[in-house]
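The values are calculated or read from the model by the stated rules, or taken from the named source; none is laboratory data. Since the structure is predicted, the reported quantities are computational estimates derived from the model, not experimental observations. FYI the Cβ positions are ideal-geometry reconstructions off the backbone, even for glycines, and counts take in every protein chain you see.
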């Protein structure tokens with residue numbers, strides 16, 4: 001994995017932990033970002049498609065994908081959930097320019113506490 005992708009993964013984790021300090025499932029402190037529809041190219045750093053969860057709930061979501069689908073569909077609403085699913089199926093990788101723009105946006109949001 002290239003350096004920019006690693007930096008984006010770290011920034012996304014930091015962003016999610018700030019935005020969702022408590023697990024969106026059970027309310028305990030958040031430890032992990034959960035990618036609702038995988039970590040494919042187009043969806044990996046989409047803020048809508050990643051939620052903060054505790055370690056136990058994270059394991060449970062991966063162990064019970066039908067439950068995960070139901071809970072996130074209810075939480076996000078059908079339209080947003082379906083968008084995340086669609087985005088996760090898009091094969092086109094982000095360009096270096098798009099990744100750099102995403103890095104700058106996440107850095108700004110974290111620094112300014114916006115959208116958190």
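Of the residues contained in region 6-26, none is found to be out of contact with any helix residue (DSSP H, G or I) (no Cβ under 7 Å at 6 or more places or on another chain) and over 24 Å from residue 113 (Cα atoms). Residue count for region 48-65 under the criterion of being modelled with pLDDT under 95 and out of contact with any helix residue (DSSP H, G or I) (no Cβ under 9 Å at 6 or more places or on another chain): the result is 1. Scanning region 91-106 for residues that are touching a helix residue (DSSP H, G or I) at 6+ places or on another chain (Cβ under 8 Å) and outside any loop (DSSP other than H, G, I, E, B), we see that the one that is farthest from residue 8 (Cα to Cα) is 96. Condition (residue is at pLDDT 95 or above, out of contact with any strand residue (DSSP E or B) (no Cβ under 6 Å at 6 or more places or on another chain) and closer than 25 Å to residue 103 by Cα) applied to region 30-47: is it met by at least one residue? So far as region 30-47 goes, yes, one or more of its residues are at pLDDT 95 or above, out of contact with any strand residue (DSSP E or B) (no Cβ under 6 Å at 6 or more places or on another chain) and closer than 25 Å to residue 103 by Cα. Per the listing 17, 11, the residue uniquely without any contact (Cβ under 8 Å) to a residue 40 or more places away in the chain, assigned to a helix (DSSP H, G or I) and under 20 Å from residue 103 (Cα atoms) is 17.
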